[in-house]
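The values are calculated or read from the model by the stated rules, or taken from the named source; none is laboratory data. Bear in mind that the values here come from a model prediction, so they are computed numbers and not experimental data. Methodologically, a virtual Cβ is constructed for each residue, glycine included, from the backbone with ideal geometry; neighbour enumeration extends over all protein chains shown. These area figures cover heavy atoms from the full protein model, side chains too; ligands, DNA and RNA do not enter into them. Shrake-Rupley method; radii C 1.70, N 1.55, O 1.52, S 1.80 Å.
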Amino acid sequence: MAIPASRTRMVLSSCCRSSYLEKMLSSSAARGFSSNAVPSQLERVGFIGLGNMGFHMANNLIKAGYKLTVNDIDQAAMKKFSDCGISTVETPFKVAESSDVIITMLPSSSHVLAVYTGQNGLLHGGSQVRPWLFIDSSTIDPHTSRKLSMNISQCLLKEKKVNADSPFMLDAPVSGGVPGAAAGTLTFMVGGIEDAYLAAKPLFLAMGKNTVYCGGPGNGAAAKICNNLAMAVSMLGVSEALALGQGLGIAANTLTNIFNSSSARCWSSDSYNPVPGVMEGVPSSRSYDGGFSSKLMAKDLMLAKASAEEIQQKCPLTSEALNIYMEMCRKGFESKDFSCVFKHYYSGNHNL
């Protein structure tokens, strides 16, 4: 595989502790998957960030035959892996020293910067690094992604695994949430050098089912915050309309049926309905537990707002959506799914 030499970092989320997850990881490690089908330049993977998303992503890589070395500040999270024979190390730098490829899945831009450029970080060794490819699947701002990509491109490889003197970076945030991470059905939105994206595709498809190449460095991060902005505004619009409809005497399921057979149809109405009692298997059917938290939505909207301000783009709906989700967090609903705005902001009722 030839890659052209030209090219245009922690507080980690807590790892799930259920015995189910432990059994699942044990099963993966015990199956003895052959790594014959794993490309040699991708075989040794360092994974940093074993939270609710990262745990499943790392587990799926193990299932696919990759040799993992993992790191997290949560010792209990690492113990799940070490108990199953997976290599664990204490610092990101030590992960880098034993890996061909690095994957990070972290909560925010500050955590990503700490893992990459902080003390004992991935780039702690100076201008020479062992991994030829760095993949960040965190949801962070495009500016930070582009800055990191530039820093990494200025390093030199300690050993050549590909036809290049310097390492590459891909920003590859995901859509699909914890259920998608567990099922291996994530969608990756990827920014960076296209040849590096193509070379890394087996990794993405071991953790997900869809990959979309978005263009140069930072474009994956940009796509993710734009996607979540649209998702937030859509959910607010559907919730507002359904609450208004209830107030005017229309049952939510009736109005939902109208939406879903007319021009108002969208994911927030037909796949993730916010009204309790309208749809099974979604957060509104279980008191808004699980799903994508209001806190994370507020974080992503802050990223969108900052990015819009940076390029002087008018985004009034971004600001209003952010204000609403910040209010949800202040009222104590930060851990509830973001569809809870129907009940806790618009005072909507259970479907009658």
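Candidate cross-link partners of Lys161 among the aspartates and glutamates, defined by an alpha-carbon separation under 17 Å and a same-chain spacing of 8 or more, comprise Glu43, Glu97, Asp100, Asp195. Compute the accessible area per residue over the chain, keeping the other protein chains in place, probe 1.4 Å, unit Å². Heavy-atom accessible area per residue stands at 43 Å².
The antiparallel fraction among DSSP beta bridges confined to the chain stands at about 15%. Protection proxy ranking of 294-305, 144-155, by the mean of other Cβ atoms within 10 Å over each peptide's residues and highest first, is 294-305, 144-155.
Within the set (1) 33, 27, 20; (2) 36, 26, 17; (3) 38, 23, 18, the number that semi-axes √(5λ) of the Cα gyration tensor in Å takes when calculated for this structure is listed as (3).
Ordered from highest to lowest accessible area with the whole protein assembly present and a 1.4 Å probe, Ile193, Ile250 read as Ile250, Ile193.
If you take the square roots of the eigenvalues of the alpha-carbon gyration tensor of the range 131-197 and sort them as a ≥ b ≥ c, do you get rounded (a/c under 1.5), prolate (a/b over b/c) or oblate? Numbers along the way, then the final one.
Details: a/c = 2.83, a/b = 1.75, b/c = 1.61.
Cα axes put the range 131-197 in the prolate bin.
In the chain, the DSSP-assigned H stretches of four residues or longer account for a calculated mean residue ellipticity at 222 nm of -13500 deg cm²/dmol, using -39500 (n - 2.57) per stretch and the full residue count as denominator.
Rolling a 1.4 Å probe across all protein chains gives His111 an accessible area of roughly 30 Å². Ordered by 1.4 Å accessible area with all protein chains kept, Arg130, Arg330 run largest first as Arg330, Arg130.
Quantify, in whole percent, the carbon and sulfur part of the accessible surface of the chain (1.4 Å probe; protein heavy atoms only). So the carbon and sulfur contribution to the accessible surface is 53 percent. With the Cα gyration tensor of the range 241-352 giving a ≥ b ≥ c as the square roots of its eigenvalues, does the rule (a/c under 1.5 for rounded; else a/b larger than b/c for prolate; else oblate) give rounded, prolate or oblate? Since a/c reaches 1.5 and a/b is larger than b/c, the shape of the range 241-352 is classed as prolate.
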